[in-house]
Each structure stands twice: as C-alpha cells, then as structure tokens.
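The values are calculated or read from the model by the stated rules, or taken from the named source; none is laboratory data. Since the structure is predicted, the reported quantities are computational estimates derived from the model, not experimental observations. Cβ atoms come from the backbone with ideal geometry, glycine included; neighbour counts cover every protein chain shown.
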Amino acid sequence: MSRWSAPQRPMAAALMLLSTQLAVGACRRVPADDPVASAAATARSSPLVVPLRAPPDSAIPEGPLGTSIRRGHALLVATRDSLPDYVGNRLRCVSCHLDDGRRAYASPLVGVYARFPQYRARNARVNTIEDRINGCFLRSMNGRPLPLEGRDIHDITAYLAWISRGIPVGATVKGQGFVKLQPLPPDTVRGAASYASICARCHGAQGEGTVLAPPLWGPQSFNIGAGMARLRTAAAFIRHNMPFDNPGSLTDQQAFDIAAYVVSRPRPDFPGKENDWPNGDAPPDAAYPTKGASTHRTAATQQP
C-alpha cells in the first residue's frame, strides 16, 4: 500500500521528479566543446560586471530629491569653498574622482553606493557610505568629519546614490578603483626629473598647486593617512590619468618613479594613523608602521 494518500500523490510525484532533476543536474558537466554552456557556467561563478554608466543630469528629478542630488554634486565640485569648516587643504573631491566621479580608473563614484555597507581592513569594521565619505574628509581633505545628521552628508549621499542608479548591489563596475599595475622598483631621482618636465607646469615646481591643478605635497595637500599617499595607489592614478592633457602617455616605470617622488615629499600628518589595519594586514605599500603589524609579529614569534 502506498504511504501517500490520494490527495498527496500528485505532490509526491512532483517532489520525486524534482529530486531526480536536481540529482542529474548536480552530476551534469559542461561539454568542453560547448562555448555557450561554458560561458553560462563562467557567468554563474563570476561576479557580475557592468558598464560604467551614470544617468545624465537631465534625468535628475524635480522636487526635494532633485535639489539634494544637485547640491551634493556641487559640494563635490566646490568642496573647500562650500564646506570651509570641514576641509583643511586646497583639494576638492573631484581632484581624485575625475570627471565628477565618472571617469574609469580614476576611483569613479559610479557604483560606489551599491557597494556599501562593506568591511574595510583599514579600520577592521563594517563601514557605511557615510563612514567612507567622512574618511575622505579626514584624510584626503585633511579636515573634519561632516555631521551625520546634517544636510551636507545627506546631499552628497543623494548624489552618490543617483549616479549609481541601475548598478546592482555587489556588481563590479568596469573601470572601478584604479588600474592594476605590476609593482616596479621606483627611483625618486628619476621621478624628480620626470615631475619637473611633465607635472610641474600644472602642479607647481614645489608641488604647491596652481590654478590648473591641486597641490601634491606640503600643508595644503592630502595627509599621510590618505589612500593617495600609498605608492601603488598613486602610481596607478598617475599611469592612467596623467598628465591631464595627455592621459595614458606615461610608462608604468615613469608612473612609479613620479609616484615615489610625490609620496616621499612632506605632507600633513594624520593623528591616530598607527591604529590603522589593527589586524596586522596593512598593504605592502602602507606609508607608515602600525601597531597591528607589531602586535601580530610579536604573537607569531611567541608561538611554539
């Protein structure tokens, strides 16, 4: 006698068929000569990659939301003039996030909103998008954090959300971050010569900045805790985006040489920098020692 009653038998048959299909699917292998199936399998196992595409300004809605988006954009373009109490140098957000945050491999802001909250090793905790914005104000702007309840950070967040519209959560945007370079041994002497012949006309002979470009070192530049103070980050930015009127014309070696020269110049300190990467996982080009690295080295030597 069946253990299923008459009303339950259709459901039992469906469950048995589903189990059979799952078992067959689990054992099925993609034929080596089936490019369509192979591509589909690769897509399932790889992160989603989407184009770097932001909606046009003409599509910004009317009303309070549109006003917030437009003001957030204005704050990124005229950061120091608009927020003098929170910016401690002569940089703007778009000094690093070129083309209003829309240029590939210039740390574009398109898609950033869809990647938060995220864990960041530098402070070893999960960060919100507001945490990330204020990290830039503290380090790249050498300033103070924006109040979390204030209009300014809300408007900047509104703009970041707007230019990320349509980007799926967890997707990789083509050109996000910086171009990946194979590290090369830099030479600051060569870097100084290249800087003088290529970079000084816009950034100033002493890195002080001009009306054309921001300062790269000295009291009006980013502090040592900023991401751009790291050799590999600076080299990647320079290689793909500089000189501004002929981007991509430098070699990888020139980019590393110029970056090494720039990051070796004096700049503002960042109090508390020794607490970065508390788990001892600082990147190899970190510009300063941290307590975490010392703690982990000591623990490793004490293991039996």
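Could you go through region 83-104 and let me know if any residue there is of a type in the set (Val, Ile, Thr), over 17 Å from the mean Cα position of the chain (by Cα), closer than 24 Å to residue 230 by Cα and part of a loop (DSSP other than H, G, I, E, B).
Yes, the conditions are met somewhere in region 83-104.
For region 178-195, enumerate the residues that are surrounded by fewer than 14 Cβ atoms within 10 Å (Cβ to Cβ) and without any contact (Cβ under 8 Å) to a residue 60 or more places away in the chain. Break it down stepwise before answering.
Taking region 178-195 and keeping what is surrounded by fewer than 14 Cβ atoms within 10 Å (Cβ to Cβ), we get 180, 182-183, 185, 189.
Passing the criteria: 180, 189.
Yes or no, residue by residue, for (1) surrounded by 19 or more Cβ atoms within 10 Å (Cβ to Cβ); (2) within 17 Å of residue 92 (Cα to Cα); (3) touching a Phe, Trp or Tyr at 6+ places or on another chain (Cβ under 9 Å):
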site	(1), (2), (3)
228	yes, yes, yes
244	no, yes, no
250	yes, no, no
259	yes, no, yes
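List every residue pair whose Cβ atoms sit under 7 Å apart, with the two residues 6 or more apart in sequence or on different chains, where the first one lies in region 202-231 and is polar (S, T, N, Q) and the second, anywhere, is part of a helix (DSSP H, G or I).
Here the result reads 210/202; 210/203, each pair linking region 202-231 to a residue that is part of a helix (DSSP H, G or I).
Suppose the filter is crowded, with 21+ Cβ neighbours inside 10 Å, in the same structural domain as residue 86 (by TED's automatic domain parsing) and in contact with a helix residue (DSSP H, G or I) (Cβ under 7 Å, 6 or more places away or on another chain); does residue 161 pass it?
Taking the combined requirement at face value, the residue does not satisfy it.
Taking residue 198, is it β-branched (Val, Ile, Thr), part of a loop (DSSP other than H, G, I, E, B), crowded, with 16+ Cβ neighbours inside 10 Å and touching a residue at least 40 places away in the same chain (Cβ under 8 Å)?
no
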